[in-house]
1. Could you give me the residue pairs with C-beta distances under 8 Å whose first residue belongs to region 405-421 and is over 21 Å from GLN374 (Cα atoms) and not assigned by TED's automatic domain parsing to the domain that holds GLY305, whose second residue is surrounded by fewer than 19 Cβ atoms within 10 Å (Cβ to Cβ) and among the acidic types (Asp, Glu) wherever it lies, and which are 6+ apart or on separate chains?
2. Among the residues of region 181-197, is there at least one that is assigned to a loop (DSSP other than H, G, I, E, B), at pLDDT below 85, acidic (Asp, Glu) and in contact with a helix residue (DSSP H, G or I) (Cβ under 7 Å, 6 or more places away or on another chain)?
3. Taking the residues in region 125-140 that are in a loop (DSSP other than H, G, I, E, B) and charged (D, E, K, R) as candidates, determine which candidate is surrounded by the most Cβ atoms within 10 Å (Cβ to Cβ).
4. Looking only at region 197-218, how many residues end up being small (Gly, Ala, Ser) and without any contact (Cβ under 8 Å) to a residue 40 or more places away in the chain?
5. Given the condition at pLDDT 80 or above, assigned to a strand (DSSP E or B) and assigned by TED's automatic domain parsing to the domain that holds HIS161, answer yes or no: does some residue in region 15-29 qualify?
6. Return the residues of region 276-300 that are under 16 Å from ILE199 (Cβ atoms), among the charged types (D, E, K, R) and in a helix (DSSP H, G or I); say none if nothing qualifies.
7. For ASP125, are the conditions met, namely being more than 21 Å from ARG54 (Cα to Cα) and in the same structural domain as ASP60 (by TED's automatic domain parsing)?
8. For region 393-412, which positions are modelled with pLDDT under 90 and not β-branched (Val, Ile, Thr)?
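The values are calculated or read from the model by the stated rules, or taken from the named source; none is laboratory data. Everything quoted here is computed from the prediction, not taken from an experiment. Don't worry about glycine lacking a Cβ; one is built from the backbone with ideal geometry, like all the others, and counts go over all protein chains shown.
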Amino acid sequence: MTSARLPRLVIVGRPNVGKSTLLNRLIGRREAIVEQKPGVTRDRKEVEAEWLGRPFMVVDTGGWLAAGSELDAKVSRQSEAAMESADVVMFVADATTGITQEDEQMARMMRGVSAPIILAANKVDEEQHEILIWDLVRLGLGQPIPVSAMHGRGVGDLLEHIFDLFEQAGVAVVPADVDDDSDASDDADQEERVFSIAIVGRPNVGKSTLFNKMIGAERSVVHDMPGTTRDTIDTVVDTDHGPLRFLDTAGMRRRSRIDEDTEYYSVMRALKAVDKADVAILVIDAVEGVTQQDQRLAERVDAAGCPIVVVFNKAELLNTEEKLDLTTQTQRRLSFLPNVVTHRISALSGRGVHKIVPSLATAIGAYQTRIPTQKVNTLVRNAQQAHPAPGGARILYATQGATDPPTFTLFSNRDLHDSYLRYIERSIRDAFDLGTVPIKLRVRRRSG
């Protein structure tokens, strides 16, 4: 794919007109959470898409409202901010309900937008409903394009119009399989890998505030109501340790306490982000301490095979005694995380946040560690001499078979007891300074 900046399509409109459904239809997969009630999408979500071999970026936004709660105002500001960076803006209206007061107010606001605007008349599910679109002409945003996000009707015509406007706006639209030059494929092979950092935790512990502080922009909607983030939002940040992709996830609660379909899918997306992440930041409310749910989340992340950096947010509210108690809780309830790195921060003020990225870089370095076979065998031999395996079992040979995380294969003459494998794991971790990185051991029986 070309290294040029991808054209940006920003989807806007009032709540519940089908913006997220249309995004899913444009990219050809279920990426945004969709539910038949307003307010499900609250943050900006950027997704790379492709049409006829030509890549572009689609930005989904929350519903714009002229008035409402503080949270509504923040969501609306996110929509307005997204339009400032758009190459083309797509205003989505519901053809079946006609023009609402909210539509009129937003249309007036959008007349100051510099990017070309497409008016998509959604929910035109059948040909006889196309007559409904002409009422939308009164918005003054050009001729409406009939489309059914639910059934896919008219999406091809809509995409064709979008790409016409990309070209009119002078945005380069290059087919995904066309190289800028003959060395492009070589450059792609040498392109620096971008590691993913998932920010996870219970609802309302400050994940989105930390996310915004770390990327240096108000990207996720932050509010003191639990469950504000419904989807997984990500962005790549250039750091002194190279580019890092930060993913802000929805708050995760016990399954028995999940009583909404939307929240269920949010949790599923968060867990999916954890499974794909290279490192996870577990955010814990320092005032509440390490709860049972925090412990379960840490276990879930650890099981995914990625290292964890624990961040205690709101630490500025603790006194000396409470800080000591927090240390005790960490040692007792997170003891299964070997050599866990912890930071006490204030996501709101930014205090202590600068220490997190170096810890992430250290964890990533350990995640990629490859140890020469000779050193692995020397370590295992010394460990066996210090503490022989029970029952006459013996490791004959050892090698590291993979990284991300470090994975070792042990060839033994007999089965090795779980407790002895834990001993070998600790020996490897301490000898090669692998910190909190999970280590995988595979045992193969061989005579000898």
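1. none
2. Applying the first criterion (assigned to a loop (DSSP other than H, G, I, E, B)) to region 181-197 yields 181-183, 191-194.
Next, only the ones that are at pLDDT below 85 stay: 181-183, 191-194.
Within this subset, residues satisfying the condition of being acidic (Asp, Glu) are 181, 183, 191-192.
From what's left, in contact with a helix residue (DSSP H, G or I) (Cβ under 7 Å, 6 or more places away or on another chain): none.
Looking for residues that are assigned to a loop (DSSP other than H, G, I, E, B), at pLDDT below 85, acidic (Asp, Glu) and in contact with a helix residue (DSSP H, G or I) (Cβ under 7 Å, 6 or more places away or on another chain), one finds none in region 181-197, hence no.
3. Residues of region 125-140 in a loop (DSSP other than H, G, I, E, B): 125-126, 140.
From what is left, the residues that are charged (D, E, K, R) are 125-126.
On the way: ASP125: 17, GLU126: 9.
Step by step, filter region 125-140, then rank; the result is ASP125.
4. Going through region 197-218, the residues small (Gly, Ala, Ser) turn out to be 198, 201, 206, 208, 216-217.
Filter again for without any contact (Cβ under 8 Å) to a residue 40 or more places away in the chain, leaving 216-217.
Count: 2.
5. No, because not a single residue in region 15-29 is at pLDDT 80 or above, assigned to a strand (DSSP E or B) and assigned by TED's automatic domain parsing to the domain that holds HIS161.
6. If the condition is that a residue be under 16 Å from ILE199 (Cβ atoms), among the charged types (D, E, K, R) and in a helix (DSSP H, G or I), then LYS276, ASP294, ARG300 are the ones that fit.
7. For ASP125, the condition - more than 21 Å from ARG54 (Cα to Cα) and in the same structural domain as ASP60 (by TED's automatic domain parsing) - is met.
8. GLN400, GLY401, ALA402, ASP404, PRO405, PRO406
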